[in-house]
Structures are given as structure tokens and as C-alpha cells.
Protein chains: 2
Amino acid sequence: MSKNRIGEVTVIPLGGLGEIGKNMMVVEANDEILVIDAGVKFPEDELYGVDLVIPDISYLIRNKDRVKGIVLTHGHEDHIGALPYVLKELNVPVYGTKLTLGLLSGKLKSHNMLGNTYLRHVYPGHSVKVSSFKVEFIRVNHSIADSCALAIHTPAGPLVYASDFKFDQTPIDGKMADIHKLADLGSKGVLALFSDSTNVEREGFTMSEKEVGKTIDESFSESDKKLFIASFASNIHRIQQVFDAAVKYGRKVALSGRSMVNNVHIALDLGYLQVPEGLLIDLKDVSSLPEDKVVLLMTGSQGERMAALTRMARGDHHQISVENGDTIVVSATAIPGNARAVGRTINQLFKRGANVIYEALSGVHVSGHASQEELKLMLNLTKPKYFFPVHGEYRHLHLHAKLAQRVGIPKENIFIPDLGDKITLTPEKGYQSGSVESGRVLIDGLGVGDVGSVVLRDRKLLSENGVLMVVVTINKKGKVIAGPDIISRGFVYIRESGDLINEATRQVECALSECEEHNITEWSVLKSKIRSSLDDFLYSRTRRRPMILPIIMEV
Amino acid sequence: MSKNRIGEVTVIPLGGLGEIGKNMMVVEANDEILVIDAGVKFPEDELYGVDLVIPDISYLIRNKDRVKGIVLTHGHEDHIGALPYVLKELNVPVYGTKLTLGLLSGKLKSHNMLGNTYLRHVYPGHSVKVSSFKVEFIRVNHSIADSCALAIHTPAGPLVYASDFKFDQTPIDGKMADIHKLADLGSKGVLALFSDSTNVEREGFTMSEKEVGKTIDESFSESDKKLFIASFASNIHRIQQVFDAAVKYGRKVALSGRSMVNNVHIALDLGYLQVPEGLLIDLKDVSSLPEDKVVLLMTGSQGERMAALTRMARGDHHQISVENGDTIVVSATAIPGNARAVGRTINQLFKRGANVIYEALSGVHVSGHASQEELKLMLNLTKPKYFFPVHGEYRHLHLHAKLAQRVGIPKENIFIPDLGDKITLTPEKGYQSGSVESGRVLIDGLGVGDVGSVVLRDRKLLSENGVLMVVVTINKKGKVIAGPDIISRGFVYIRESGDLINEATRQVECALSECEEHNITEWSVLKSKIRSSLDDFLYSRTRRRPMILPIIMEV
């Protein structure tokens, strides 16, 4: 392990490059390690049964003693969600703004880890010393309050880690991104910028959160029955706008959905939401109020199966029902992969006679991520020597690199490392200096990393054509004394397929008696004979290939 | 079965309402049945392992003798794809335009059904008599050539079945939708209009296919290496535009992907594509030409796993490789559910150094479906007494109904039936007159309808947490003489979970000895004891619930 030389810094992405989610960046200087963010990623369809995906942190575990702390940019799951798993391995101090740590605390509490974690909150505009690293927290706008870019001062110069951001010229809380601080860093000289690539495909500027307020206001003014608003539970500014409209139009607010209730209470406790006394009511009291005196603020904007709005759309919520003439605002965009589920929810709501206001029709949502002109502005403000597009699939990173070239960053100073690549930077040069273990760790239930490619391959096979077990009992001499019995699940509907299974049984019997004739008693051979006799037969009859599991019992 | 009275007609949707795909509409008059379209739907994710979904046609089978024919509006899979299955049950004449029947013939050939099917082609602008129904074929524009709306003359008046359409004012082949015929029908009096709801969420007019030509032209003019264009294989006009640009820029065209090759040859044979001698070359001859003298036209615009472009992106195509500086045009939009697969393909292509032109960035695709202004135009041209929004999920149908009200159709004259609902229309009134069996039939391999909810539920369970089998051999007295043996697949990675399985085995042994103590020998009880002992144990240890299958063998 070579000590970093004075005048250089090494960065290693462990997540968030070449993918959306599980953001994590490692910064090394003076032989010390600082980690930025520790996010989760929600599993794609091919990760059957997997609950969460987190970064592989083997490298950090191997270098435990050198890890001095974790700094957080904001409180979204893809930036803080892996901390309960990471902190189990690395018990280091965690730094973030008040709301970010508030949301993290809830998470740690549910893992029984709150007591043993050192959390230190930092105000935007302030800085903190993490061992030899000075880290400045710089306010940016995003779809969650208290989001920050970070300036990390290293022996080679400052890194600006912009993380997720946009420039909202009319933010809800009046707190604009700190363009002056970014400009100041830019004039003094930034070594490297790391910037959000999520919306690089979009031209122009991202609309202000205030625009959504207009649609929310209209939905209040036009509704004379129950009003439902579904949104991301972490979008505190959106929630504030709903509260403001509720006050204006004389409706009480009831919250529904666990994460909505939790986040609103955390934000209230920490002073991030302004609510007059008596505005919030309990969900069970909704029915005692006139229909036009209440608004329900809830989860389910992504069509999640168990979320409040989804259950109400299905008619499956024990307290609230959606009725003819009610208005529902789905104040969110469908994340890729959720489009069908969201569509299904909207269909069901229309079918119940509700008036549904959703993204395809009107301005009910704005993105929290910078569009092309804002990305250029960030580059021009900070004028970095080196540029790393981060937070995006490869096409986003590639397009962001092209965009950076257009504002004057030389191609050779732009890096798109793979996860695990070590990039060493000095004021003179930047180069790949090696690579470390990296990748993904799958979380399924309590298991961390015990679901691998073999298990996933089996789940995929099982999901497509089911499983068929063949059980045979043989005696010590290798003679069949019971079976073969065939049991299948997820293959064909048995009651209608008795003939098929009977014939399959005869195929196995033939295979077994052939083995007997040739004195074959080795189990592995018997099993492979059973498997091949069935595989061909079933495929020719059904064009399906279920997983075939021969089981031999000896008595 | 009551004979339809003179002066009335009954319509029954069997597919395409409340869903995208498997379009099929039944028209009954004079005791005779006419069927419009017979499409498939591609299975959603929750239909594990299912290949295709077709309409339930039990009603038509029960009334076989009254079914006089099937008329087709155009050659897309969601309008003709179910015919091989439907014609096996109902061998009736099929009517359509030349290209539609050309595409259908290829399909029937691969099912060995071409010889026994009566196919009759009808030119747009002409009409055909199907028993007592006079059916006029009226040209419309769509993303496949030779698309028609149908005017079906019934004792109660004409129905206009607009099917999928748009009004392209500058179509590639110069053949505009027959607005004069639609206007003429409108002035004489249309009983009911059935119109495409796919794009009802979009304002304005859908762009002309000619707009895509500009982007295609640019991609040719700016490319100096290999050029790849991926598109829907059925979009003959798009393909013609590629051919035209290839001629202009002096490139040869090579086709890749089975459906692209098939469709181009069918369209060429039938005169729907104009190609100068020698323009088309074989894929294997591509390497013998200079890179800037060839364009590859291919499938894979949806990121389909085995399609040409997808394999090239993976570096997994035996003839063609994508290299640094090549240009790839993905001339399509990602159908919901395919967005991630398309994104993955684009990422891989960028990573190979290619310049990828895709939808998020530029005008590489226009829709084949009418936007709001065109939908209003169709309503105003035909001035129907009754209106049926068709082809859409419920939200689309609902919004289309609202739109029709805005152009003057009274609410009570607009119908959004469920599948199977019979709606009877006379010039005086329209009402629901009953309902028939309807729904979906799942095709998996050779099986038609043998995968039902039980099989799907099992596949879902298996996909999430795998399967765990417990095998025990007992003797006639109920004493365990071999096992319990536990085998699992898709649950945990066994090598790392030996302890878990050992402990699970002990759990089963305990359960079995408890049964023995209490003289429990009934198999169903034994099995349920095994299952419950394991279920709780495994959940507490892993938070997963694999499918548990106890198997008892008696010797």
C-alpha cells in the first residue's frame, strides 16, 4: 500500500457510474480515505427476488483503518440507503446536513444502529475537517431539501463534488444554490468537478419547483370533493406547497403511507416544514369532515404495490375509498421500469370515476436534476481542470463528456472510469493508477451477498418454465423399489396435463430400465439419464424446458 | 339465441379495450357475425414465461356457424398475430389489403396453415361483400403501409372502424388517408365510430413520417464510416426512406434480422418498396465493401435480446462488429417495458465508440397514431351518432371519451364497454344487451391456454425465493428409513449455506420424530408439519419464503 504522495489525490468510484443509483465515491490523499455517499439501487427485473443492491466495499473493508469518514450530499436513498450495511463493516463518523442526517437516523433506528453511530451535522455554507480533509458544504437545489455539493480540499487542489443538483432561480424556501461559493472556488482554481449526468439528454433549463405549485393550486381551486395528492415522500418542498395550498383553500391535511408520515414528521421536527397548528389531521378523522375540507397527501406515485394510492385505486384500503368526482394529482414522474404500474393505478382511478391529473397531461412534476444549460453553467462556474461526469448510465456520462468538451474542457482531461478504477490527479496530470475490487452486493431479506449468479440463474429458469422433480428410491443393489414419482410446479396445470405427466413417468421408467440392463448404478449417470430422457420429451411435447431435478433416495 | 332484429346491430369487443394489444371486435347483424382483426398482445412481466396473449374466442367458437369472415385493418401483430390460433378454431375467409395478407401469409406458412386458409385481398377504396355485410376499405395513414379504416354497412347504418390511424399530410408514398370518403360517409350519416385512443394524451398533430427522412438524410451525410439503422421491420415507409437515402449517398443496403429480411422481401414482392437493381447486398458481403459504402438496416430497436442490433451492441454477432466512429440510428421509440433494454443497448454502443442517434436526442421517430387534433378531425369528419374509443388502456379510452364530448358527441352516446359486453345499436338508441365470455388466453410454447393462474402464481413464487424440496422415504409402518434430504434451487448459494441447510434438516427431523411420537402417519399431516417447521425457521433466519415441497416416498 503506497502512501499517496504530497500534491496528489486519487479518486475511485464504487457506484453511480455506468448505472443510476448506489452512488459512492472514494477520495484518497495523504494515505487517508474519505467516502462520499453510500447509496442503494433498486433491483432491475432480472434480479429476481432481490430487495436492494449496494456497492461492493471490499476495498474499504481491507483499508478500514484509513477510512476517516463518510460525507453525505443529500438524503435520497441512492445516496444514503446503503449506510446501514456499510456502517456495520466500517464504524466511521458520518457528516451531512440536518435533514439528511434526520432521514438517516430513522433508517439507522430501524436497524438498531442509531446508538453506535457518530453523526455530525454541518450547515450549508459551513465546512468541516475530516482528519486531513477540509470539506465545505455548498447549498444546491434538488428535489429534496438541504442538498449540498461538496468542496473537498486535497493536497492537489479542491475537488467539487456537485452530486445531484439543479439551479432553481425561484426555490420554494427562497434558498438558492450557492452560485457565489461555486464562482469563488472557480476563480481560485478547481482541480476536478464531479457532476450529475441524469438529465443530460434534456435541453434547456429544468423548470422551477414553483411551477408545480400552480398545478397544485389549480387542483385545489377546481375540486369540490375529496382531493388526493401523491408524491415522493422525500420531496419536502412539494409537500410544503401542498400544505400552503391547503391553508389557502381551507382544507385539512391527512397523511397516508408510512414513508410520508415518517418524512413529514422528521421534516417538521427539524423545522423544514411550516405548518399552522391544527392543519394536520389523522387519517381516521377524514370521514368526519366534509369531502371538500380535506386533502390526502400520500405515497404511491410510482404504483408501488403496497403504497397508499395503489391500494385505494384497487379499492383495497381499509380507511379511504376513491369515489366518483374525487380529484387525484399524481405529482411525480414514473421512473423507468415503473411506467406500467403507474399506468395501471391511473386506469383504476379513472374507472372509479375520479378526475386524475398526471404527468402526460399537465405540469404536475418537475425534475430535481439539471438540464443541459445548467450543466454548462456548473462547468463554467467551477472551471475545473479535470471533469468526471457522474450519476448516470454510460450514455449519460458519454453525452455529459461531449457537453463538457463543448464548453472548453479538453477531451484528455475528462474521465469516465469504470467502477473500481483508481484515477490519480495532480495539478499537472491525471491518469489511471490501478483498480480495486468493485461491483454490486445483492440484499435479499437478511442475506447480504448470498444471492449470486447461480441463484439468480435458477430463479430465472424457474420463473420461465417452472420445475419438475423426479424422485426414485433404490435399494443398496441399485434396484428401483419406489417411484419414479414426478412432481411439478409452475410448469403445466396438472389436472389438465395428467397424460403428459404419465407419459413422462414412462420415459423415466424406460431410462431407468435401460440403466439396469447395462448395470449402470452410478447416481450421477442415473440422474443425467433421467434428465436427458425428460428434457427432450417435454420440449418436443410443449416447447418448454422446465428445470428438471432428479432425486435419488437409497434405502 | 335470438335473431338480430332488422334495423339493429350488436358489437362485442373481445380485445383491445382496457389494454394495448390483442385487438378484436365482433359485429353481429342479421344473425351473422363479422370479426374485425385478431391480434396478439405481448405478455407483461407478471406473465412469467408466457410467449403471447390472445383473445378468448369461446363465444365465436360456440357460434362458429354464424361467423362469416374476418376483416383486417392492417398487418401489425396486435391486429393479425392471433390468426394462426383463431383460424385453427374457425376456418373462415379472411379479407385484407395486399400487404396485410402478404404479412399474414408468412405467418400462416410457418404454422403450416397457408394451404387451408381462404385469403381475399381488397384494394383500399374498394369494398367487399362478406355474406350480408358490405365492407368498404378506406385508406388511412399509419406506421405500416396499406392500413385501412373499415366502413361496415349494417341494417342499422354504417359503422366506421378507424382502427389505428393518423392523418399524414405528406405521406412517403403520396397516398393520403381518404378524407373524402370519410367526409362522404359523415354527410350521409354514420351510426358509430370506433377510433384509436393510443395517443389521446398527446396534444396537436402527430408529425409526418417525412420528418424522420430529414434525420435519416443527415445521418447519411455526416457519417464517413459504417452506418447502422434499426427500425420496426414492418415500417415499410421508414425502410423506403432508408433505401432512398442510400441511393442518394451511394451506399449499398444490407439487411440483418429475420423479420427485417422477411418483411422487406414480402414488401418488395408485392410492390410496396422501390429498390434499384443491385442496391441490396448480402450481409456476408458487407466486409468486402468500404465502410462508407454500406448501410445496415436491422431489427433490435426495442433492445430485444436476440435481435441484430442487440447482439452487435453486446459484441456477439458473428458477421458484423460495431467499431469506433460508426454511426447508429435507433429509429423507433421504446415501447413501455422496453425502456431499460433499449437504454442498455445504447450504452453498449456508445461504449464501443459509436455515435448513437436515438429518440431522446433528435427526431428519429414519429408515431403512427393520431394525436388529439387528428382524433377530433376523425370525429368531425364522420359525425357519428355513437362513439366507441378503442385501442387503449382505460385512461386512454376515458380521455378519448372526454375529447369526443368536447367536439359535441353527447355523453350518453359514448360507450366504453368492458371486454365481452354486447352493445346493441339502432338509429334510435344504444344499450348494453348482455355479455359473453371474454378474456385472455396465454400461449406458452405449444400450449394454448394451459398456463393459468396457479402456474403463474407458482412461477412468481419460484422467481422470488426459489424452491426447497424435502424428500423422506418411509416404510409401510410409517417409519422414516431414508432422509430427510433437502435440495434447493434459487434459494441460497448452497456452498456458503451448508449450515443453514444442516439446521433445516434437523428442524425436519424434529418435526418427523414428533409425528412419530404422536403416531401421526397420514401423509398430508406429515407434509404440512414438515412445511410449517421449515417455513418459520427459514423465514426467521433469512427473511425469505422459498416454495417448500415435501415429498414422501413409501417403500
Do the conditions hold for B:Asn475, that is, is it in contact (Cβ under 8 Å) with a residue 60 or more places away in the chain, more than 18 Å from A:Gly466 (Cβ to Cβ) and more than 45 Å from the chain's Cα centre (by Cα)?
yes
So, in segment A:192-240, of the ones that are open to solvent by 10 Å² or more (accessible area, probe 1.4 Å) and among the β-branched types (Val, Ile, Thr), which residue ends up farthest from the chain's Cα centre (by Cα)?
A:Thr215
When residues of segment B:279-293 are limited to those that are touching a strand residue (DSSP E or B) at 6+ places or on another chain (Cβ under 8 Å) and outside any helix (DSSP H, G or I), the one least open to solvent (accessible area, probe 1.4 Å)
B:Leu279
If I ask for residues that are open to solvent by 40 Å² or more (accessible area, probe 1.4 Å) and under 22 Å from B:Ala482 (Cα atoms), which ones from segment A:537-555 would you list?
A:Glu554
Number of the condition not met by B:Asn347 [criteria: (1) among the polar types (S, T, N, Q); (2) open to solvent by 30 Å² or more (accessible area, probe 1.4 Å); (3) touching a His at 6+ places or on another chain (Cβ under 9 Å); (4) facing chain A (nearest Cβ under 8 Å)]
(2)
Closer than 22 Å to B:Gly102 by Cα, in contact (Cβ under 8 Å) with a residue 60 or more places away in the chain, open to solvent by 20 Å² or more (accessible area, probe 1.4 Å) and in the same structural domain as B:Gly430 (by TED's automatic domain parsing): which single residue out of B:Asp173, B:Asp269 fits that description?
B:Asp173
If only one of A:Gly81, A:Gly21 is among the small types (Gly, Ala, Ser), within 13 Å of the chain's Cα centre (by Cα), closer than 19 Å to A:Ile443 by Cβ and more than 14 Å from every other protein chain (Cβ to nearest Cβ), which one is it?
A:Gly81
Does segment A:470-483 contain any residue that is open to solvent by 20 Å² or more (accessible area, probe 1.4 Å), over 29 Å from A:Cys515 (Cα atoms) and more than 7 Å from chain B (Cβ to nearest Cβ)?
no
Any helices (runs of 4 or more DSSP H) falling wholly within segment A:62-117 and containing at least 1 residues that are open to solvent by 30 Å² or more (accessible area, probe 1.4 Å) and closer than 23 Å to A:Ser435 by Cα:
A:83-89
Just give me the residues in segment A:294-319 being more than 25 Å from the chain's Cα centre (by Cα), closer than 22 Å to A:Ala246 by Cα and either of a type in the set (Ser, Thr, Tyr) or open to solvent by 10 Å² or more (accessible area, probe 1.4 Å) (or both), in sequence order.
A:Gln319
Filtered residues of segment A:184-242 (kept if in a loop (DSSP other than H, G, I, E, B), in contact with a helix residue (DSSP H, G or I) (Cβ under 6 Å, 6 or more places away or on another chain) and of a type outside the set (Gly, Ala, Ser)):
A:Val200, A:Glu203, A:Phe205, A:Asp224, A:Lys225, A:Lys226
Of all residues in segment A:438-450, which are within 7 Å of chain B (Cβ to nearest Cβ) and in contact (Cβ under 8 Å) with a residue 60 or more places away in the chain?
A:Asp444, A:Gly445
Of all residues in segment A:478-518, which are of a type in the set (A, V, I, L, M) and within 44 Å of the chain's Cα centre (by Cα)?
A:Ile486, A:Ile487, A:Val492, A:Ile494, A:Ile501
State yes or no: is A:Leu377 modelled with pLDDT of 95 or more, closer than 25 Å to A:Ser197 by Cβ and either within 14 Å of chain B (Cβ to nearest Cβ) or out of contact with any His (no Cβ under 9 Å at 6 or more places or on another chain) (or both)?
yes
Based on this model, can you work out whether A:Leu273 counts as closer than 18 Å to A:Val342 by Cα and touching a helix residue (DSSP H, G or I) at 6+ places or on another chain (Cβ under 9 Å)?
no
When segment A:14-35 is checked residue by residue, the ones that are in a strand (DSSP E or B), within 19 Å of A:Ile61 (Cβ to Cβ) and open to solvent by 10 Å² or more (accessible area, probe 1.4 Å) are A:Glu32
Sole miss for A:Gly466 among (1) within 10 Å of chain B (Cβ to nearest Cβ); (2) open to solvent by 30 Å² or more (accessible area, probe 1.4 Å); (3) modelled with pLDDT of 90 or more is condition (2)
Quick check on this structure: which one of A:Arg506, A:Arg489 is without any contact (Cβ under 8 Å) to a residue 40 or more places away in the chain and touching an Asp or Glu at 6+ places or on another chain (Cβ under 6 Å)?
A:Arg489
Condition first: assigned to a helix (DSSP H, G or I) and touching a residue at least 40 places away in the same chain (Cβ under 8 Å). Can you find one or more residues in segment B:152-160 that meet it?
no
Scanning segment B:485-536 for residues that are open to solvent by 80 Å² or more (accessible area, probe 1.4 Å) and assigned to a loop (DSSP other than H, G, I, E, B), the one nearest to the other protein chains (Cβ to nearest Cβ) turns out to be B:Glu522
Please find, among B:Ser197, B:Ser219, the residue that is at negative phi, of a type in the set (Ser, Thr, Tyr) and in the same structural domain as B:Asp78 (by TED's automatic domain parsing).
B:Ser197
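The values are calculated or read from the model by the stated rules, or taken from the named source; none is laboratory data. It should be emphasised that the depicted structure is a prediction, and the values quoted were computed from it without experimental measurement. Please note: Cβ atoms are built from the backbone with ideal geometry, for glycine as well, and neighbour counts cover all protein chains shown. Ligands, DNA and RNA are stripped out before the accessible areas are found, and what is left, the full protein with its side chains, is counted by its heavy atoms. Shrake-Rupley method; radii C 1.70, N 1.55, O 1.52, S 1.80 Å.
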